[in-house]
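Worksheet: the structure to be examined is printed underneath.
The numbers here are math on the coordinates, done by the rules we state, and not lab data. Since the model is a prediction, treat every value here as computed from it, not as a measurement. Backbone-built Cβ (ideal geometry, glycine too); neighbour counts: all protein chains shown.
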Amino acid sequence: MTFISIEFLLFFAVIVFAYYSIPHRWRWVLLLAASYSFYASLSGYFVFLLLTSTAFSYVTGILIEKQETKKQKKKVMLVGIGVLLFFLGWFKYFNFVNDSLRAISAYLNWNYTIPYQEIILPIAISFYTFQAVSYLVDIYRGKLKAERHYGYFSIYFAFFPQLVAGPIERAKKLLPQFKVEQTLKYENLSYGMKRIAWGFFKKTLIADRLAPIVASVYDNPDATGSQIVLATILFSVQLYADFSALSDIAIGCARMLGIKLTENFKQPHFATSIGDFWNRWHITFSTWLRDYIFVPLCKGKKKRSEIYVAIIITFLISGIWHGAAWSFVLWGLIHGFYRVFGDHTKQARGKMASFTYLDRNPTFHKWVKIAITFLLVCFSRVFFRSDSVTAAFTNAQLFLTPSSWRPSGIIDAFEIFSLLDLAIFAFFFVVMQLFHHVERKNASTWNWLSQRPVFARYAVYVLIVVSVLVFGATGQGFVYGGF
Amino acid sequence: MKNIEKYRNAFVEALEIEEDEVGEELVLGETSEWDSLGHMILISTMEEAFDVSLDSEWMSEFDSYQSGLKLLDRLGVDFINE
């Protein structure tokens, strides 16, 4: 049962109805049963791993709190994190390390006998492990009390709207919301349904329509440079639509239950620098990395060069978190390099903007920065999308070849679309951009829409629902669901 | 050395700016020296100067010369009766 299915919508409708029909004191049982059923439908017997990680984190949290000295607390926390990372490492990284060691051994003519292991990656393990780590660290830092109610704690770990791919929430924000009695509010139901519908819109009309077109280029060893350029730009649009749709559906579902989740995206492709991009893309993951990796690494560092090392390490971890492959490691390193290079050349770029009079027209300057940032992000995504390091370097070379950017070549590359697919994609892409445009002018498109006349408002809602039903493509899993 | 002097010196040392540039108008992100990376260096310098520990939440709160004074005051650094 995935988010994009009738089964999920029916399942969720039953949960919402039951949630508001039963007394508050039993709601945690309902949410927990719903969360485990949902997870079991996706990941089968790995629900036992989720149960084990939950029980282990629950006990470790209490143990950290019970220690008398800071040193003892730290020891228990590190053991707890070590065990959680061992689970993650075993399922996600065993074969990555194993294959890498085998390749190194073969290169050095050493005998390496550990064979490839058939290990299936449990869905959501990267997400719930990060939530668990933040929970233990926050208790150690004294910012959070260990939760004693096992039921509420388990929901924090497995809350089905955000279990599969976030937003990665902190216990401090989520746990109190489960404990408060949520009353049935029209605004919550209405806002939640709109966010879910918008998620379906982005997923079925943008992401899943683009996925096979992007794949037709990336799976083709004879793709031209212009096709790689176009497919990579389209992949960026696909990835954003895919992942932000997941967050929209998660936020919408949670809101219908009265729970507010953290926003995960703020129009990342309109970022004016790489630093700005990471403040807008997968925000809960970026802030997690900042709080639990980057800031601790920066402790006591008083030189920019030392901060640069912390940046590179943080982005390296970001890359490895995304996938157990060297192409993801390189993707992380590229972003680390961008960030360091951007900082190091800040003054020179400022002078260049002044020399070329770019800074005299702030609006144009801003759009130049947006375009450059977007292209830098696209280049890094060649590594994100390619199936292997070899393919990534070949594709990256094609992406960087000036002739790949010839306008006539790019126009020819549109042959990867059928005319109908192109027309449908173009229409819905424009709709999405209009939505973003309104959002940039106003705080929320939904609030702006609610102030329009009833006819206009419902025309938009009907357009979204009918478009999904008529033109929506399904069948593709969520990209981030695989992490 | 008085705490207020230590505080001002931390800005000079961490952000590599002149002493007369340190003042109430200093705000994070509004000068090229006090950017997000400079902020990390400033935090490390403040932590060492006042023997305090600033976590991410407090780091975001410390976004100007004035807010830094208030934050350190809350953490027990006395700028008035020393």
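When you have a sec, figure out the Kirkwood radius of region A:385-482 from all distinct Cα pair distances and drop it here in Å to one decimal?
Working: mean 1/r = 0.0575 Å⁻¹.
Taking the inverse mean of 1/r over all distinct Cα pairs, region A:385-482 comes out at 17.4 Å.
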> Once both labels are modelled 7 Å past Cα along the beta-carbon direction, what's the A:L400-A:A348 spacing in nm?
Replying inline: 1.6 nm
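Quick one: net charge around A:S327, please, counting Lys, Arg +1 and Asp, Glu -1 for every other residue with C-beta under 11 Å from its C-beta.
Details: positive: A:R381, A:R385; negative: A:D387.
Overall, the nearby charge balance is +1.
Under 1.5 on a/c is rounded, so check that first for the protein assembly as shown, then, if it is not, pick prolate when a/b is larger than b/c and oblate when it is not; a ≥ b ≥ c are the square roots of the alpha carbon gyration tensor eigenvalues. Don't skip to the end; give the middle numbers.
Values: a/c = 1.30, a/b = 1.11, b/c = 1.17.
Here the protein assembly as shown falls in the rounded category.
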> Mind listing which GluC sites (Glu not before Pro) in region A:2-103 are in a DSSP loop and have 10 or fewer other Cβ atoms within 10 Å?
Replying inline: A:E68
> Which aspartates and glutamates have a Cα less than 20 Å from the Cα of B:K2, not counting those fewer than 8 places away in the same chain?
Replying inline: B:E13, B:E18, B:E19, B:D20, B:E21, B:E24, B:E47, B:E48, B:D51, B:D73, B:D78, B:E82
> How big, on average over all directions, is the shadow cast by the Cα convex hull of region A:1-134, in nm²?
Replying inline: 12.2 nm²
> Which helices of chain A meet both criteria: a Cα extent of 30 Å or more along the helical axis and a mean Kyte-Doolittle score no lower than -1.0, with helices taken as whole DSSP H segments?
Replying inline: A:225-256, A:362-385, A:419-441
> Just counting partner chain Cβ atoms within 10 Å, what average do the residues of peptide A:288-299 show around their Cβ?
Replying inline: 3
>> Tell me the Kirkwood radius of region A:260-406: reciprocal of the mean inverse pair distance over distinct alpha-carbon atoms, in Å.
In response: 16.7 Å
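Hey, could you grab the Kirkwood Rh for chain B? Inverse mean 1/r over distinct alpha carbon pairs, Å, one decimal. Each step should come with its number before you reach the end.
On the way: mean 1/r = 0.0796 Å⁻¹.
About 12.6 Å, per the Kirkwood formula over Cα pairs.
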> Loop-only check: which chymotrypsin sites (Phe, Trp or Tyr not before Pro) in region A:332-373 are DSSP coil with at most 14 other Cβ within 10 angstrom?
Replying inline: A:Y357
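Give the relative contact order (percent, whole number) for chain B; include only Cα pairs under 8 Å separated by 6+ residues. List each step's numbers first, then the result.
Values: 69 pairs, mean separation 27.6, N = 82.
This gives 34 percent for chain B.
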> What Rg and what Dmax come out for region A:127-208 when only alpha-carbon atoms are used, in angstroms?
Replying inline: 15.5, 46
> Pairs A:K202/A:K441; A:K66/A:K302; A:K303/B:K70: which exceed 30 Å Cα-Cα?
Replying inline: A:K66/A:K302
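Rounded to the nearest whole Å³, what is the per residue volume of the convex hull around the Cα atoms of region A:369-425?
Working: hull volume 6.6 nm³, N = 57.
Convex hull of Cα atoms, per residue: 116 Å³.
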> Efficiency by 1/(1 + (r/R0)^6): what FRET value for B:E61 and A:F355, r their Cβ-Cβ distance, R0 = 41 Å, to the nearest 0.05?
Replying inline: 0.60
>> Can you tell me how region A:67-188 classifies by the Cα gyration tensor, rounded, prolate or oblate, using a/c under 1.5 as the rounded cut?
In response: oblate
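Let me have the 222 nm mean residue ellipticity of chain A computed from DSSP H runs of 4+ only, each contributing -39500 (n - 2.57), with the sum over all residues rounded to the nearest 500. Working shown, then result.
Numbers: 24 runs with 339 residues, N = 483.
So the calculated ellipticity at 222 nm is -22500 deg cm²/dmol.
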> Under the definition of partner shielding as Cβ atoms of other protein chains within 10 Å of a residue Cβ, what is the mean value for peptide A:306-313?
Replying inline: 2
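Which of A:M1, B:M59 has the fewest other C-beta atoms within 10 Å, and how do the rest follow up to the most? Please report the intermediate quantities before stating the final value.
Working: A:M1 15, B:M59 20.
Ordered from fewest to most neighbouring Cβ atoms within 10 Å, A:M1, B:M59 come out as A:M1, B:M59.
Per residue of chain B, what 222 nm ellipticity follows from adding -39500 (n - 2.57) for every DSSP H run with n ≥ 4, rounded to the nearest 500? Don't jump to the answer; show the numbers that get you there.
Working: 4 runs with 44 residues, N = 82.
Roughly -16000 deg cm²/dmol at 222 nm, from the helical runs in chain B.
Ignore the peptide's own chain and count Cβ atoms of other chains within 10 Å of each Cβ in B:41-48; give me the average, rounded. Before the final figure, lay out each step's value.
Working: counts 7, 1, 6, 8, 3, 0, 2, 2.
Mean partner shielding for this stretch: 4.
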> For all pairs of alpha-carbon atoms in region A:188-482, what percent lies in each bin of width 5 Å, listed from the first bin to the last filled one?
Replying inline: 1, 5, 10, 14, 16, 16, 15, 11, 7, 4, 1, 0
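Relative contact order for chain A: what is it in percent, counting Cα pairs under 8 Å that are at least 6 residues apart?
Values: 561 pairs, mean separation 87.5, N = 483.
It comes to 18 percent, rounded to a whole number.
More than 15 angstrom separation, counting every C-alpha pair in region B:35-82; what % is that?
Working: 432 of 1128 pairs.
Roughly 38 percent, once rounded to a whole number.
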